[in-house]
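Undergrad: Right, I'll just put the structure down here and ask away after.
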Amino acid sequence: MLKWIDLPPVWLAAMIALAWAQARFAPYGLSFGGPWADFAGGILVGGGLILMVLAVHEMRKARTTVIPHLEAAKLVQSGIFSRSRNPIYLGDVLVLAGLILRFDAVLALPLVPVFLWILEKRFVIPEENRLRRKFRAEFARYCQKTRRWI
């Protein structure tokens with residue numbers, strides 16, 4: 001049961017809730033400055049969602065799982081995965097950063113690196129270790145040509 005709760009969207013929702021709560025209940029008069037922050041936040045959220053959709057599409061096309069704790073059937077290196085080894089997680093981070101801008105939650109900005117650290121420790125490193133064991137040389141070549149994030 002805990003494995004199904006320990007998923008990136010759950011962590012993302014928790015971080016979004018914290019950012020919203022900070023903006024709503026403890027703004028302390030701080031602001032990003034209005035319309036430009038709304039625009040930039042919208043761009044980040046939209047870009048993050050596009051990354052996620054592109055990545056899920058590639059994984060579905062390859063008939064492998066998008067669930068982080070499950071064993072991958074194939075090593076996906078096509079499409080958006082040729083640019084980033086973790087486009088879904090990168091999309092999650094962009095969505096969080098964008099919503100922090102949209103909420104005008106200045107004091108919630110540290111949640112972005114904290115969330116990135118959680119993703120890396122709980123999901124990225126264990127996933128890469130599973131892929132390294134299963135795909136060996138193919139995964140090593142993939143790591144050499146494609147960065148973890150961007």
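Undergrad: Restricting to the range 16-40, name every residue that is closer than 23 Å to D92 by Cβ and among the aromatic types (F, W, Y).
TA: In the first step, residues of the range 16-40 are kept if they are closer than 23 Å to D92 by Cβ; the result is 16-24, 32, 37-40.
Once the filter is applied, which keeps residues that are closer than 23 Å to D92 by Cβ and among the aromatic types (F, W, Y), the range 16-40 yields W20, F32, F39.
Undergrad: Consider F81 carefully, then state whether it is in contact (Cβ under 8 Å) with a residue 24 or more places away in the chain, crowded, with 17+ Cβ neighbours inside 10 Å and either touching a His at 6+ places or on another chain (Cβ under 8 Å) or over 26 Å from R141 (Cα atoms) (or both). Spell out how you get there, then give the answer.
TA: Numbers: in contact (Cβ under 8 Å) with a residue 24 or more places away in the chain: yes; crowded, with 17+ Cβ neighbours inside 10 Å: yes; either touching a His at 6+ places or on another chain (Cβ under 8 Å) or over 26 Å from R141 (Cα atoms) (or both): no.
The answer is no for F81.
Undergrad: Can you name every residue in the range 121-137 that is free of Cβ contacts under 8 Å to residues at least 12 places away in the same chain and among the acidic types (D, E)?
TA: Those that are free of Cβ contacts under 8 Å to residues at least 12 places away in the same chain and among the acidic types (D, E): none in the range 121-137.
Undergrad: If you don't mind, another one. Taking only the range 40-57 into account, find how many residues are farther than 18 Å from R130 by Cβ and surrounded by 19 or more Cβ atoms within 10 Å (Cβ to Cβ). Before you say what the answer is, go through the steps one by one.
TA: Going through the range 40-57, the residues farther than 18 Å from R130 by Cβ turn out to be 40-54, 56-57.
So of that shortlist, the ones also surrounded by 19 or more Cβ atoms within 10 Å (Cβ to Cβ) come out as 41, 44-45, 48, 51-52.
Counting residues in the range 40-57 that are farther than 18 Å from R130 by Cβ and surrounded by 19 or more Cβ atoms within 10 Å (Cβ to Cβ) gives 6.
Undergrad: From V114, V53, V76, V124, which residue is at pLDDT 95 or above and either touching a strand residue (DSSP E or B) at 6+ places or on another chain (Cβ under 7 Å) or within 28 Å of F25 (Cα to Cα) (or both)?
TA: Working: V53 fails: either touching a strand residue (DSSP E or B) at 6+ places or on another chain (Cβ under 7 Å) or within 28 Å of F25 (Cα to Cα) (or both); V76 fails: either touching a strand residue (DSSP E or B) at 6+ places or on another chain (Cβ under 7 Å) or within 28 Å of F25 (Cα to Cα) (or both); V124 fails: either touching a strand residue (DSSP E or B) at 6+ places or on another chain (Cβ under 7 Å) or within 28 Å of F25 (Cα to Cα) (or both).
Testing whether each residue is at pLDDT 95 or above and either touching a strand residue (DSSP E or B) at 6+ places or on another chain (Cβ under 7 Å) or within 28 Å of F25 (Cα to Cα) (or both) leaves just V114.
Undergrad: Pairs needed: first member in the range 20-43, of a type in the set (S, T, N, Q); second member anywhere, not in a helix (DSSP H, G or I); C-beta distance under 8 Å; at least 6 residues apart or different chains.
TA: Q22/A105; S31/D104
Undergrad: Going through the range 13-38 one residue at a time, which ones are more than 12 Å from I100 (Cα to Cα) and in a helix (DSSP H, G or I)?
TA: Answer for the range 13-38, where residues must be more than 12 Å from I100 (Cα to Cα) and in a helix (DSSP H, G or I): A13, A14, F25, P35, W36.
Undergrad: State all residues of the range 96-109 that are within 17 Å of V10 (Cα to Cα) and surrounded by fewer than 24 Cβ atoms within 10 Å (Cβ to Cβ); if no residue qualifies, say none.
TA: Across the range 96-109, the qualifying residues are A97, L99.
Undergrad: Can you pull out the residues in the range 15-29 that are loosely packed, with under 13 Cβ neighbours inside 10 Å and either at pLDDT 95 or above or hydrophobic (A, V, I, L, M, F, W, C) (or both)? Break it down stepwise before answering.
TA: Looking only at the range 15-29, we keep the residues that are loosely packed, with under 13 Cβ neighbours inside 10 Å, and these are 17, 24-26, 28-29.
Of everything in the range 15-29, those that are loosely packed, with under 13 Cβ neighbours inside 10 Å and either at pLDDT 95 or above or hydrophobic (A, V, I, L, M, F, W, C) (or both) turn out to be A17, R24, F25, A26.
Undergrad: Report yes if Y89 is crowded, with 16+ Cβ neighbours inside 10 Å, of a type in the set (S, T, Y) and more than 15 Å from the chain's Cα centre (by Cα), otherwise no. Before you say what the answer is, go through the steps one by one.
TA: Numbers: crowded, with 16+ Cβ neighbours inside 10 Å: yes; of a type in the set (S, T, Y): yes; more than 15 Å from the chain's Cα centre (by Cα): no.
Answer is no for this residue.
The values are calculated or read from the model by the stated rules, or taken from the named source; none is laboratory data. Remember, it's a predicted structure, so these values are computed and weren't measured experimentally. Glycine gets a Cβ as well: all are built from the backbone with ideal geometry, and neighbour counts include every protein chain shown.
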